[in-house]
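Comments concern the structure below.
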Amino acid sequence: MNQLIYFLRKKLRIVLSQRFWLILLALTALSLSLGTKVPLNAQYVPAAIATNTWRYASFPVENPQAYTSGFGYRISPVTGQSQFHYGLDIAASLGSYVRNWWEGQIVELSDHTACGTMIRIRSGQWTHIYCHLMGSVGNTPQGQYLMDQDGGIIVWLGQNIPLGARIGRVGMTGRTTGPHLHWGLMYGREYVDPALILQEMFRYQAAS
């Protein structure tokens, strides 16, 4: 327990709300009761700074249907093996538009991994990752781009993307068993549970 407290104090230089400490304790207790070794980075949400509160963040999928796979250990629907899932899977109809969670710059585009057609955007210390999109990545003398012609989407590596802008559509590229967005979040070099971020977003937006 002392090591856990030391780790959290070292990683967080801000004060977490009383409500979130209750969430932290509940998640830690659940992890221990299940005998799983969930990384500590799954157990906290760095608070937004005063000028960028959670109420301004955008939900990443239009017309979502369900959360089909959460952050943490799971049995892979593809391999049948236990593995850690570093994101949140949000099911939606094929072709549903994906929106940028927070204003930032595109720092990576790819379409050759299990993530399928993917966009990685950096917003300060936050990095948000969008996988299994429709379309493909190409290169020109002007730079690298992702194009989904049917969806009217084209974005470029290095492009600054406004909050809430449409950046792609839900697809089935890469390793997937159905149409969904795999949404990953990192704070610095640590993965964070996107479900906890959404909870904070909804709490602030409901209070505003």
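Rounded to the nearest 20, the Cβ-based charge dipole of segment 160-207 about its Cα centre (Lys and Arg +1, Asp and Glu -1) stands at 220 debye.
Size of the dipole of segment 54-207 about the Cα centre, Lys and Arg at +1 and Asp and Glu at -1 on the beta carbon, nothing else charged, in debye to 20?
On the way: 10 positive and 10 negative charges, 30 e Å.
My answer is approximately 140 debye.
Extending 7 Å from Cα along the Cβ direction at V107 and again at Q149 yields two label points whose distance is 3.2 nm. Extension gain for M172 to A206 (0.36 nm times residue separation, less C-alpha to C-alpha distance): 9.0 nm.
Run the numbers for Q142 and Y56: contour at 0.36 nm per residue of separation, minus the present Cα-Cα distance, in nm.
Working: separation 86, 0.36 × 86 = 30.96 nm, distance 3.24 nm.
Length difference between fully extended and current span is 27.7 nm.
Each pair of Cα atoms in segment 120-171 enters the Kirkwood radius, and Stokes-Einstein at 20 °C and 1.002 mPa s then converts it into a translational diffusion coefficient of 181 µm²/s.
Dividing the Cα radius of gyration of segment 54-207 by 2.2 N^0.38 Å, with N the residue count, gives 0.99.
Laboratory data are not the source of any read-out in this text; all were calculated from the coordinates shown. Only a predicted model underlies this, so the values are computations on that prediction, with no experimental measurement involved. We place every Cβ from the backbone using ideal geometry, glycine too, and count neighbours over all the protein chains shown.
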